[in-house]
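Data first, discussion second: the structure below is written as structure tokens.
Nothing in this text is a laboratory measurement; each read-out follows from the coordinates by a stated rule. Everything numeric here is computed off the predicted structure, so don't read it as measured data. Glycine also receives a Cβ, built like all others from the backbone with ideal geometry; neighbour counts cover every protein chain displayed.
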Amino acid sequence: MVRKREGRPARKRMSEVVKLEIPSQYIEKGYVHRIVNDEPGRLDRFTEAGWEFIHRHNSQDHDGLGSVLDYFTGVTLTNQEGKSYAMRIKEDWYNEDQAAKQKEGPDLVDESVRRGVESVPHAYTPGQPAAEVVRSPVTIK
């Protein structure tokens, strides 16, 4: 929905701006699809977990990243071209992974809370006094 206020140009809400998505001709039943950022080690972790790259149709190069469905996602902090890749995993495998995460979840949360309390001296925890909040005056010019 385009909104226009008097004296302002028409604009779109952020939720209406074009988002990255995998074109429908690459979506297959029985798979879960994701767009994965190319960050150090991330693509390797996905492929080790059973995710596979989605290749462009009619592509001759199925051996390298030249044939995969990729996206330019901006420039990184190190001034490198940011890329993301379309990937998929069998739906059965995805559901198994999600079920395992649900079982592990409470233990991981408990452990994170324990480590967080030990490593953050002024963290609020139930039954303990809250840390004092220090407010600084703000001057608006």
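Brief remarks on what is shown
- Among SER84, SER24, a tally of other beta-carbon atoms within 10 Å of each Cβ gives an order, fewest to most, of SER24, SER84.
- Summarising the label geometry, the points placed 7 Å from Cα in the beta-carbon direction at GLN80 and SER24 lie 3.6 nm from one another.
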